[in-house]
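Visitor: Supplied in structure tokens, the structure appears directly below.
Read the figures in this text as sums done on the coordinates, not as results from a lab. Keep in mind it's a predicted model, so treat the numbers as computed, not measured. Ideal geometry is used to build each Cβ from the backbone, glycine not excepted, and the neighbour counts take in all protein chains shown.
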Amino acid sequence: MPDRLFDSLREALTRTPISDETDLPGLRPASVLVPLHAREREVEIVLLQRSEDLPHHAGQIAFPGGSRDEDEDDLACALREAREEVGLDPSRVNVLGSVEPCTTPTGFRIAPFVGRLLVEPSALRPDPGEVARIFTLSLGELTAPGVYRRAHLPDGRPLEAFVCRDEVVWGATARILRRVLELALGEAPRSEGPFPWSRLRF
């Protein structure tokens, strides 16, 4: 199953717009890596919890990533940040493609890249200055009934979240995750259950 899923995902990613690396006025360019790992008959997604001491999105669940340097492109940024934050050697990830960039209310334009890990997630090592912990959630868990939630802010903007085990993945990370699941499985997850407003950290 994992190999077929990766093949389907790679094919789907070729049909989506690759990041054009065009900076939008007023937004700071950033990139993330969505790391996938095959374990027996299941596929896991690797996530991290950001340090409480960071100036942006402290304590939130995220993918490895960060702001782009002036002398690099979006993919180079995603791979550099993954090396710095979780110790991932770029040679140990097979980049499958990119999904559409997204923006955040905090002023970032994020280019997400999807990659298959060629190393066990347990071999990753968090940078203690940026990352509190690394963990995985399987596709089976993320697509279970009641995990995906959707609501709207007072200004009408949609807000998405995945509530799985004791984890709440929300905001831009949830939007990217939902899109990757949609491409991997051929359909978007269905929103069910109340939105976890009390567990969000704005």
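Visitor: Which three lengths, in whole Å and largest first, does region 1-115 cover when its Cα atoms are put on their principal axes?
Guide: 42, 32, 25
Visitor: Considering amide H positions built from the backbone, and no H for Pro or chain starts, which residues 5 or more places from Gly66, or on another chain, come under 5 Å of its amide H?
Guide: Under 5 Å from the amide H of Gly66 lie the amide H atoms of Ser31, each far enough along the sequence or on another chain.
Visitor: Output wanted: per-residue J couplings in Hz (rounded whole) for region 192-198, from phi through Karplus 6.51 cos²θ - 1.76 cosθ + 1.60, θ = phi - 60°, x for Gly and Pro.
Guide: Result, ordered by residue: 9, x, x, 7, x, 3, 5 Hz.
Visitor: Karplus couplings for region 123-129 from phi (6.51 cos²θ - 1.76 cosθ + 1.60, θ = phi - 60°), rounded to Hz, Gly and Pro as x?
Guide: Along region 123-129, the couplings run 7, 6, 10, x, 6, x, x Hz.
Visitor: Which of the GluC sites (Glu not before Pro) found in region 142-202 are in a DSSP loop and have at most 16 neighbouring Cβ atoms, other than their own, within 10 Å?
Guide: Working: sites: Glu160, Glu167, Glu182, Glu187, Glu192; in loops: Glu187, Glu192.
Answer in residue order: Glu187, Glu192.
Visitor: Distances over 22 Å make up what percent of all Cα-Cα pairs in the chain?
Guide: Numbers: 9283 of 20301 pairs.
For the chain, the share of Cα pairs beyond 22 Å comes to 46 percent.
Visitor: Now for a separate question. Using amide H atoms built 1.01 Å from N in the peptide plane, name the residues 5+ places from Glu42, or on other chains, whose amide H lies under 5 Å from its own.
Guide: Sorted by chain and number, the residues that satisfy this come to none at all.
Visitor: Under 5 Å between amide hydrogens, which residues at least 5 positions from Ser51 or on another chain qualify, with H placed 1.01 Å from N in the peptide plane?
Guide: The list, which skips near neighbours in sequence, is Gly59, Val131, Ala132.
Visitor: Quick check: pseudo-label points 7 Å beyond the Cα along Cα→Cβ at Glu40 and Leu159, how many nm apart are they?
Guide: 3.8
Visitor: List the extent of the Cα atoms of region 156-202 along each of their three principal axes, largest first, rounded to whole Å.
Guide: 31, 27, 18
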